[in-house]
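First comes the structure, then the notes that go with it.
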Amino acid sequence: MPKNMTPGRPYTIAMVGLNDAEINLYGEVVQSRPVDWWTGQPMGGNFICVDEFLRDLEELSTKDNITVHINSVGGDFYAGLAIYNRLRNLSASITTINDGLAASAGSIIFMAGDKRKMHAGSNL
């Protein structure tokens, strides 16, 4: 887990310099946070909720370069596609880096990069 990640938050967005940003996506991609059917309470876990993430991504609309680190078991296809589309519609140059696993919806997000990199031992 990158040092700026906090437990319970599956993604971070950090400004790096004036025109660059870095995103770490470390979790399962979902439309909305799953709830326990018995208690109705939100379930714990590393869930990247698409609406929350897309809202936070808006702050990067003026950046020139964005690096996206991914380690995801995947998740909801349509949520991954929404993130892919939003990243592709940004004017920034996007670099995606697979830090471990980019399966299912994670692989869709990985493909949003203009440049794509995989670390040794990555599965894609």
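With a cap of 15 neighbouring Cβ atoms within 10 Å, and only residues DSSP puts in a loop, list the chymotrypsin sites (Phe, Trp or Tyr not before Pro) found in segment 1-103.
Values: sites: TYR11, TYR26, TRP37, TRP38, PHE47, PHE53, PHE77, TYR78, TYR84; in loops: TYR26, TRP37, TRP38.
When the chymotrypsin sites (Phe, Trp or Tyr not before Pro) of segment 1-103 are filtered for loop state and at most 15 Cβ neighbours within 10 Å, TRP37, TRP38 remain.
With a 1.4 Å probe and every protein chain kept in, tell me what percent of the accessible surface of the chain is carbon plus sulfur.
Values: 3490 of 6740 Å².
So the carbon and sulfur contribution to the accessible surface is 52 percent.
Tell me which residues come under 5 Å, amide H to amide H, from ILE48 once H is placed; ignore anything under 5 positions away on its chain.
For ILE48, the qualifying residues are GLU28, VAL29, VAL30.
To check you understand DSSP bridge types, tell me what percent of the beta bridges within the chain (both residues inside) are antiparallel, rounded to 5.
25
Put one equal scatterer on each alpha carbon of the chain, apply the Debye formula with no solvent term, and list log10 I(q)/I(0) at q = 0.10, 0.12 1/Å to two decimals.
Scattering profile of the chain, log10 relative to I(0): -0.28, -0.40.
Which residue fluctuates most in the GNM of the chain (Cα springs below 10 Å): VAL16, VAL68, VAL50?
VAL16
Using 0.36 nm per residue of separation minus the Cα-Cα distance, give me the extension gain between THR95 and ARG55 in nm, one decimal.
Value of the extension gain: 12.4 nm.
Roughly what angle does helix 77-89 make with the longest principal axis of the chain, taking Cα atoms, 0 to 90 degrees, to the nearest 10?
Long axis of 77-89 versus the principal axis of the chain: about 20 degrees.
The values are calculated or read from the model by the stated rules, or taken from the named source; none is laboratory data. Since this is a predicted model, take the numbers as computed values, not measurements. Positions of Cβ are generated from backbone atoms using ideal geometry, with glycine treated the same way; all protein chains shown enter the neighbour counts. What goes into the accessible areas is simple: the full protein's heavy atoms, side chains included, and nothing from ligands, DNA or RNA. Shrake-Rupley method; radii C 1.70, N 1.55, O 1.52, S 1.80 Å.
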